[in-house]
Structures are given as structure tokens and as C-alpha cells.
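Below: the structure, in C-alpha cells.
The values are calculated or read from the model by the stated rules, or taken from the named source; none is laboratory data. Remember, predicted model here, so these are calculated numbers, not experimental data. FYI the Cβ positions are ideal-geometry reconstructions off the backbone, even for glycines, and counts take in every protein chain you see. For the accessible areas, the whole protein counts, side chains as well, though only heavy atoms, and no ligand, DNA or RNA atoms are used. Shrake-Rupley method; radii C 1.70, N 1.55, O 1.52, S 1.80 Å.
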Amino acid sequence: MEDCIFCKIINKEIPSNIVYEDDEILAFRDIHPVAPIHVLVIPKKHITSLVELEKEDEAIIGKIYGAINKIATQEGILEKGFRVIVNCGEDGGQEVKHLHFHLLGGKKMGPKIA
Ligand code: DGP
């Protein structure tokens, strides 16, 4: 999608620190990390948010979680654990309108997520 910053990252029009890529998924380090490891995992297909998911998109969600496990292994946080967050819509605090999964790790997370 033309004006989407994450589509521009996918198309390599904007540089990013990529940690994982396959035909359908890209993962790169968040520009404003809130944990020692903060990676954004996104589908290459432009899907605006979780609420825009169509039936045909369901398979990609499973693949994203598979990629998250691979990245967690790469980053050395699989054993100690990590947190995955998806912000959705205005109340969910979603700023970038391209579905993305925050993978957070490398420190002990607090009990509060809101
Ligand atoms: P959210 O609030 O869930 O929409 O989070 C969007 C995240 O995207 C936020 O943590 C900062 C990150 N971000 C925004 N623009 C860029 C960018 O150009 N490059 C990278 N690497 N991250 C970005």
C-alpha cells in the first residue's frame, strides 16, 4: 500500500534492521524499543489490523507465530520467555495501520500490560 510505512520497509524503500524474512513475513527491530529485544513481525501482505483479517488471511497468523518462535530462538530468548503484543485500533493504541506483532524480550516483564 502506497502510503504505508511498513509496506515501504517491506519494499526496502525505507531501511530497517531485518532479523527474519521469508516469502510472506518480515521481521525487523522496532525503532523505539521498549525492551532489550523488541522486534516487529509483519505479514508482507498489507492487512490494516486484526479486525481487517479475511478468511484467506488466517493461515498467515499461524505462520507469524512460527516465525516468532524462530526469531525468539535466534535472539536467545526462547527458554526465558517473551511477550507478544498486537495493538488494534484507536483504543488498542495502534499507530501504524499495517498489522504487526510486537515481540518483546530480554528482561522480566511486569504484570501490567495496560
Ligand atoms: P503500534 O503502536 O503498535 O502501532 O506500534 C508501531 C511501532 O512501530 C512503534 O513501536 C514504533 C515502530 N515504528 C514506527 N515507524 C517505524 C520505522 O520507520 N521503522 C521501525 N523500525 N519501526 C517503526
Q) What Cys residues in the chain are without a partner cysteine, judged by a Cβ distance under 4.7 Å? A) Cys88
**Q.** For Glu13, solvent-accessible area (1.4 Å; no DNA, RNA or ligand), Å²
**A.** 120 Å²
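List the trypsin sites (Lys or Arg not before Pro) within region 33-94 that fall in a DSSP loop (any state other than H, G, I, E or B) and whose Cβ has at most 12 other Cβ atoms within 10 Å. Working shown, then result.
On the way: sites: Lys44, Lys45, Lys55, Lys63, Lys70, Lys80, Arg83; in loops: Lys44, Lys45, Lys80.
Passing both the DSSP loop test and the Cβ count: Lys80.
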Q) For region 18-114, what number of Lys pairs, 8 or more residues apart or on separate chains, have alpha-carbon atoms under 27 Å from each other? A) 24
Q) Local charge sum around His38 (other residues, Cβ-Cβ under 9 Å, Lys/Arg +1, Asp/Glu -1)? A) 0
Q: Output the relative contact order of the chain, whole-number percent, from Cα pairs under 8 angstrom with separation of 6+ residues.
A: 30 percent
(Q) What number comes out for accessible area per residue over the chain if the probe is 1.4 Å? Units Å², please. (A) 63 Å²
(Q) I'd like the carbon and sulfur percentage of the solvent accessible area for the chain, probe radius 1.4 Å, heavy atoms only, ligands and nucleic acids excluded. (A) 52 percent
Q.
Helix-only estimate, please: 222 nm mean residue ellipticity of the chain, summing -39500 (n - 2.57) across DSSP H runs of length 4 or more and dividing by its residues, to the nearest 500.
A. -6000 deg cm²/dmol
Q) Which angle from 0 to 90°, rounded to the nearest 10, does the C-alpha axis of helix 58-74 make with the longest principal axis of the chain? A) 40 degrees
(Q) For the chain, what are Rg and Dmax over the alpha carbons, in angstrom? (A) 13.6, 39
